[in-house]
Amino acid sequence: MQRKSLFKSLVTSKAQKSRETIKKEFCYKKDMQKRVRFGAVTLAALMAGCSSLQEKGTGLEAAATQAQANTEQNIPAKENREYVVTLSPFERYNPPVAKKFISIRNDVRKYLEQGLDSDYEVVKEINIEGYFMFEKLIYDEAKKLGYTIEEVQQMSPKEAALLTCDLIAQRMNYFGITQDYKTTIRRKTNIDKTKEVLTAALKDEKIEADDKKNVEEKMRLLEEIEKKWNELESQEMSLTQKLANLPFPHNKANVDRLFIEKEAIVCRHYAHIANGIFFMLKNKNKNLQNTRVSDYTDRNHCWNQISTVYEKDGKIHIDISFFDPTWYDLHNHLEGYDMRHFPSEFLLMAQCNKLQRKVNNQPATRPSLPWVKFR
């Protein structure tokens with residue numbers, strides 16, 4: 001009886017262990033399946049990137065779906081609407097204000113946000129650390145120029161670009177330069193007016209000999225001052241050419257710090273600051289939501305590209321132009337799309353042709369000038 005009871009307990013014990021083993025194996029397999037699924041979804045989320053999570057929601061399933069769609073469709077499907085890329089001088093650049101936001105594909109957007117030269121340049125980053133201080137200073141400086149906050153927040157793309165350059169010219173100085181074009185014009189105007197007064201005094205027949213001698217001495221002194229100012233201006237411009245390619249300690253500094261502290265800068269900093277100021281203006285102005293300002297570099301000079309997207313006659317238009325805040329501050333020359341900036345238009349035509357073909361999902365070929373329309 002004891003043997004039978006012992007045998008029964010052994011059988012029961014083995015059966016219980018078998019059930020526990022099966023249960024453990026089942027739980028293990030189930031857990032592994034969960035891990036595999038979770039790993040796949042996580043990998044898909046990483047492949048999808050942050051933008052997918054923001055657009056589709058924070059769920060990993062949505063990210064996985066987006067990643068699978070991106071994998072299956074490496075080349076975006078051709079859109080129904082045709083894109084038209086147009087180049088124009090900044091003088092004639094005046095696109096309509098934005099009525100609604102127009103979404104642009106990532107592979108196209110980079111040529112607007114980072115410039116047509118983005119394929120030849122490293123990734124361009126504009127850093128803004130003190131956002132609210134930078135924003136307040138921009139509007140304070142705009143007020144000094146006679147603009148109200150309401151006027152700034154209702155500006156068109158071209159008006160905002162003009163304000164951007166005025167703000168920079170008002171506050172910044174080129175490295176090694178003690179005078180901008182406004183100072184130069186003011187100085188030359190004062191000298192010319194003084195010359196007129198002295199010349200009129202010399203022509204007066206009733207002037208006495210001692211007074212005439214005194215006026216002549218002042219005229220010689222004035223001409224000497226003018227000569228020295230011209231020499232200084234020439235030497236400073238020569239210095240700027242030699243400094244343009246030197247590494248500056250604040251090359252990678254935040255644009256807000258350069259603007260707030262009135263750092264001495266060169267052309268690339270002018271372009272960076274213009275990019276940053278326009279970005280700040282855009283955040284408070286819906287008219288600018290389809291306009292992007294970027295840097296453009298060629299032949300050791302850096303200036304700005306401005307691009308606006310809008311709809312017209314069932315087509316998506318991308319209007320592109322260029323402005324130069326550096327030359328505007330130094331020479332009152334704002335135009336960035338001319339023979340001084342593009343001695344040969346071949347490179348620019350090739351870049352625009354590439355953009356035109358990319359937005360319409362056509363294979364890249366040799367540059368074809370008729371692809372680019374001119375106004």
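Since every read-out is calculated from the coordinates, none of them should be taken as a lab result. Bear in mind the structure is a predicted one, so any value in this text is a computation, not a measurement. Cβ placement follows ideal geometry from the backbone for every residue including glycine, while neighbour counts extend to all protein chains displayed.
Couple of notes before you dig in:
- Net +/- balance of residues flanking LYS286 in space, Cβ distance below 10 Å, scoring K and R +1, D and E -1: +4
- Sorted fewest first by neighbouring Cβ atoms within 10 angstrom, PHE90, PHE323 come out as PHE90, PHE323.
- 3J(HN,Hα) along the stretch 323-334: 9, 10, x, 5, 5, 5, 6, 8, 10, 6, 10, 8 Hz, from the Karplus curve 6.51 cos²θ - 1.76 cosθ + 1.60 with θ = phi - 60°, whole Hz, x for Gly and Pro.
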